Amino acid sequence: MEPTTGRGVIARAKGEPVSVETILVPAPIEGEAVVRVQACGVCHTDLHYREGGINDDFPFLLGHEAAGIVEAVGPGVTSVAPGDFVILNWRAVCGSCRACRRGRPWYCFATHNATQRMTLEDGTPLSAALGIGAFADRTLVAAGQCTKVDPRAKPEAVGLLGCGVMAGLGAAMLTGEVGTGDSVAVFGCGGVGCAAIAGALLAGAQKVIAVDIDPRKLALARQFGATDTVDAGAGDPVEAIRRLTEGNGADVCIEAVGNPEVMRQAFYARDLAGTLVQVGVPTPTMTVELPMIDFFGRGGRLKPSWYGDCLPSRDFPLLVDLYLQGRLDLDRFVSETIALDEVEAAFHRMERGEVLRSVVVL
């Protein structure tokens, strides 16, 4: 395969609107694959990149929550082949770090990205968001970032497993280890929170309490199966959750906002020995202060959830099968489909809380 040109969404400088520009995609070398992108979700992490909240390695090629068709692979690649329908992931495990050697590859400390870099027409190297860069006609990734799934699935729906929806599902099913008959409270009912609600129900939760300050989000949470809702702006959500759980608190509380005060609420809304999962992404300056006697006396577990503790090669095919069986409604997460040149406007709709996910369809 020769190098190819295409269009991609570029963030050139901190805080500046994105632009659609011509990019150059190299032919894949050993360990790499070129994927023709079919759909890519607009995730808040892409906005973090544009705002300089991840690093300042501009210009960025944004987009990472995607699905598409493998066009070409480099020498020695056997895990995927041209024509395969794949979901892209940013956890291409190395197999040799201390986490992988201990049988915990979902904590891999040395995940793979493509060795080569895509560029602008003038040769300026691009930093691909989360090593993917999928707001583009095609992208170059490590072969391990491609997870082959059933091609009958809709790209715009299952591509969302590449980041936000997987983060929420995994926060409940994997990090939180929600079990049959558990009570679960989810704080923040955007895309990740609604996915956590869906994951809790898949895992067998009996009661799922949605907590938010936005009535629109609470209505969405009901659509995803929440059994109860709590308006956190109308009173103390901790007391409301206790009233809904016979005075005990929830077995698992999932913080999907990334806010210190919300995390404190989730901490105290747990039952004794309950689990707190934090999946909401905080800023680097945020801190949480808790009385040590409460940390000690309440017991249980406090667990951050990074990518829902997922292992893409294991979890993506399973979840796609559940989607095709009608047991996991991924279509409901897709608020709208848009074109590449509409990403900047979609960022603003996301900031205003008007959508769960805008999805670029190519």
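Odds and ends about this structure:
- Backbone HN-Hα couplings from phi across segment 240-251 [Karplus 6.51/-1.76/1.60, Hz, Gly and Pro as x]: 4, 5, 5, 4, 7, 10, 6, x, 9, x, 7, 5
- Linear extension gain, MET292 paired with ASP214, 0.36 nm per residue minus alpha-carbon span: 24.9 nm
- Local electrostatic count at VAL334 - Lys and Arg +1, Asp and Glu -1, tallied over other residues with Cβ under 15 Å: -3
- Cβ-based net charge around ALA198, under 11 Å, with every Lys or Arg adding one and every Asp or Glu removing one: +1
- Taking a point 7 Å from the Cα of MET1 along the Cα-to-Cβ direction, the residues of segment 69-94 with backbone N closer than 17 Å to it are 69-89.
- Annotation: extensible slack from GLN206 through ASP329 equals 42.4 nm (criterion: 0.36 nm per residue apart, minus Cα-Cα distance).
- Sequence ranges 151-164, 269-282, ranked by mean other-Cβ count within 10 angstrom, highest first: 151-164, 269-282
- Loop GluC sites (Glu not before Pro), segment 235-266 (other Cβ atoms within 10 Å of the site Cβ: 10 or fewer; DSSP): GLU246
- Contact order relative to length of the chain, as percent, for alpha carbon pairs under 8 angstrom and 6 or more apart: 17
- Net +/- balance of residues flanking PRO237 in space, Cβ distance below 10 Å, scoring K and R +1, D and E -1: -3
- Tensor-based shape of segment 88-168 (alpha-carbon gyration tensor, a/c under 1.5 rounded, otherwise prolate or oblate): oblate
- The simple spin-label model puts a point 7 Å past each Cα toward its Cβ; for ARG352 and GLU16 those points are separated by 2.6 nm.
- Given charges at beta-carbon only (K, R positive; D, E negative), |dipole| of the chain in Debye: 900
- Residues in segment 323-340 carry Karplus couplings, in order, of 4, 5, 7, x, 9, 9, 8, 6, 4, 5, 6, 7, 6, 7, 10, 9, 9, 3 Hz; the curve used is 6.51 cos²θ - 1.76 cosθ + 1.60 with θ = phi - 60°, and Gly or Pro positions show x.
- Close amide H partners of THR275, meaning residues 5 or more places away or on another chain with modelled amide H under 5 Å apart, are VAL252, CYS253, ARG301.
- Dipole magnitude for segment 243-290: about 60 debye, using +1 per Lys or Arg Cβ and -1 per Asp or Glu Cβ, origin at the Cα centre.
- If only the Cβ of Lys and Arg carry +1 and only the Cβ of Asp and Glu carry -1, the dipole of segment 262-362 around its Cα centre is close to 520 debye.
- When peptides 74-83, 46-55 are sorted by average Cβ neighbour count within 10 Å, with the highest value leading, the order is 46-55, 74-83.
- Heavy-atom accessible surface of the chain: percent carbon and sulfur, 1.4 Å: 51
- Nitroxide proxy distance, nm - points 7 Å out along Cα→Cβ at GLU336 and ARG301: 4.0
- Alpha-carbon centroids, segment 269-305 and segment 182-206: separation in whole Å: 18
- Between GLU51 and ARG152, the contour length at 0.36 nm per residue exceeds the Cα-Cα span by 32.7 nm.
- Computed from backbone phi with θ = phi - 60° and the Karplus coefficients 6.51, -1.76 and 1.60, the 3J(HN,Hα) list for segment 33-47 is 9, 9, 10, 7, 6, 9, 7, 8, x, 8, 9, 4, 4, 5, 5 Hz; x is used for glycine and proline.
- Considering only LEU276, MET292, PHE333, and ranking their Cα positions along the charge dipole of segment 222-362 that arises from unit charges at the beta-carbon of Lys, Arg, Asp and Glu, the one farthest toward the positive end is MET292.
- Interchain or long-range residues, amide H under 5 Å from LEU328's placed H: TYR323
- Alpha-carbon centroids, segment 130-174 and segment 1-75: separation in whole Å: 13
The values are calculated or read from the model by the stated rules, or taken from the named source; none is laboratory data. Note that the structure is a prediction, hence the values are computed from the model and not measured. Please note: Cβ atoms are built from the backbone with ideal geometry, for glycine as well, and neighbour counts cover all protein chains shown. Quick note on the areas: whole protein, heavy atoms, side chains included, nothing else; ligands and nucleic acids left out. Shrake-Rupley method; radii C 1.70, N 1.55, O 1.52, S 1.80 Å.
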